[in-house]
Amino acid sequence: MKLIELLDYTGQLLQVERFRDYCPNGLQVAGREEVVSIVSGVSASMALLEAAAEAGADLVLVHHGYFWKNEETCVTGIKRTRLKFLLERDINLLAYHLPLDAHPEFGNNVQLARVLGLMIDSWFGEQSLAACGRLIEPMPLAAFGQRVAHALQREPLLLGDPDANIRRIAWCTGAAQDVLEQAVTQGVDAFLTGEVSERTVHLARESGVAFIAAGHHATERYGVQALGEHLASHFGISHQYIEIDNPV
């Protein structure tokens with residue numbers, strides 16, 4: 001299929017134009033015009049690029065791509081190495097950041113809810129990126145932490161009373177620890193995201209809302225997989241998700 005068709009379809013599907021983001025969404029590095037094989041991953045690291053090339057990918061689809069706001073613009077060092085690798089092999093790099101977090105079907109927050117068994121009631125926060133909902137059955141924070149660990153294969157950091165029951169919960173994948181204050185206003189028992197900061201500990205303790213840091217990479221594995229599978233099915237091409245271990 002033609003690359004341009006895939007780009008047009010995906011851009012409309014994710015409503016890219018409605019987001020204010022920290023990076024360009026869509027095609028970041030142009031490669032061959034025909035696409036029959038997609039490899040997806042969370043971040044466009046060198047390890048993922050090498051694995052994608054080994055798998056014969058025409059296009060690499062990621063959540064975390066390149067050209068972030070305020071980063072060094074010169075093409076040197078690691079940036080040069082990555083771009084050179086893609087360009088020499090004529091491989092496309094396609095990245096979607098906030099549009100992939102927020103999508104109501106393929107987004108990271110929706111897909112994480114599916115994995116953890118959470119029900120979504122509403123959206124809140126800047127650009128409506130954070131979800132608010134509930135567990136089907138209340139359970140102690142410690143028990144929910146065990147569920148997260150089992151589902152994500154990563155031990156989460158839990159801040160709060162381990163015996164306190166969790167029913168109402170808000171979440172936002174990735175580095176959304178500063179959304180905690182907004183989550184408190186939603187009347188939730190707990191807030192889950194990927195990362196934690198020093199100040200988060202004090203905010204959680206003083207608010208009485210439990211905080212769960214489940215890993216930036218671990219919470220954002222699922223959107224790109226769902227999108228890749230959808231594109232493969234829609235266009236009749238192949239898709240493979242490749243997991244690159246990241247403890248953060």
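Please treat every number below as a calculation from the coordinates, not as lab data. As the structure is a prediction and not an experimental result, all values here were calculated from the model. As a convention, Cβ positions derive from the backbone with ideal geometry for all residues, glycine included, and neighbour counts pool all protein chains shown.
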Next on the checklist: When a/c reaches 1.5 or more, the comparison of a/b and b/c decides; with that in mind, is the stretch 178-248 rounded, prolate or oblate per its Cα gyration tensor?
Outcome noted: prolate
Checklist entry - Over the chain, what is the mean sequence separation of C-alpha contacts under 8 Å (at least six apart), divided by residue count, expressed as relative contact order in percent? => result 21 percent
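If we count every other residue with Cβ under 13 angstrom of ASP90's Cβ, Lys/Arg +1 and Asp/Glu -1, where does the sum land? Intermediate values should be presented prior to the final figure.
Numbers: positive: ARG32, LYS84, ARG89; negative: GLU33, GLU34, ASP58, GLU88.
Summing Lys and Arg as +1 and Asp and Glu as -1 gives -1.
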Checklist entry - Which order do peptides 167-177, 138-148, 195-205 fall in by mean Cβ count within 10 Å, highest first? => result 167-177, 138-148, 195-205
Checklist entry - Along each of its three principal axes, how wide is the spread of alpha-carbon positions in the stretch 3-96, in whole angstrom units, largest first? => result 34, 32, 20
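For a protection proxy built on the mean count of beta-carbon atoms within 10 angstrom, sort 116-129, 81-94, 215-228 highest first, please. Walk me through the intermediate numbers first.
On the way: 116-129: 15.0, 81-94: 16.8, 215-228: 23.9.
The densest-packed peptide leads the list: 215-228, 81-94, 116-129.
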Next on the checklist: If neighbour count is taken as other Cβ atoms inside 10 Å, put PHE235, PHE67 in order from fewest to most.
Outcome noted: PHE67, PHE235
Next on the checklist: Show me, for the stretch 40-51, the HN-Hα J-couplings you get by feeding each phi into the Karplus relation (A = 6.51, B = -1.76, C = 1.60, θ = phi - 60°), rounded to Hz, glycine and proline as x.
Outcome noted: 10, x, 6, 10, 7, 6, 4, 4, 5, 4, 5, 5
Checklist outcome for this item: Cross-link reach from LYS84 to aspartates and glutamates, straight Cα distance under 13 Å and at least 8 residues apart if same chain, gives GLU50
Checklist entry - Which of the aspartates and glutamates could a cross-linker span from LYS69 if the Cα-Cα distance has to be under 13 Å and same-chain partners fewer than 8 positions apart are dropped? => result ASP21
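Run lengths n ≥ 4 of DSSP H only: what is the helix-derived mean residue ellipticity at 222 nm for the chain, with -39500 (n - 2.57) per run over all residues, to the nearest 500? All intermediate terms of the calculation are to be shown ahead of the outcome.
Details: 10 runs with 92 residues, N = 248.
My calculation for the chain gives -10500 deg cm²/dmol from helical runs alone.
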Item to check | Backbone HN-Hα couplings from phi across the stretch 100-115 [Karplus 6.51/-1.76/1.60, Hz, Gly and Pro as x] | outcome: 7, 4, 8, 4, x, 10, 9, x, 4, 5, 5, 5, 5, 4, 4, 5
Checklist outcome for this item: DSSP beta bridges in the chain: the antiparallel percent, rounded to 5, is 50 percent
Item to check | 14 Å beta-carbon shell around GLY215, net charge (K/R +1, D/E -1) | outcome: -3
Checklist entry - How large is log10 I(q)/I(0) at q = 0.10 Å⁻¹ when the Debye formula is applied to the Cα atoms of the chain, each weighted equally and without solvent? => result -0.50
Checklist outcome for this item: Yeah, the stretch 124-248 with a ≥ b ≥ c from its alpha-carbon gyration tensor (a/c under 1.5 is rounded, else prolate when a/b outruns b/c, oblate otherwise) is prolate
Item to check | Added length on full extension, which subtracts the Cα-Cα distance from 0.36 nm per residue, ARG167 to SER37 | outcome: 42.6 nm
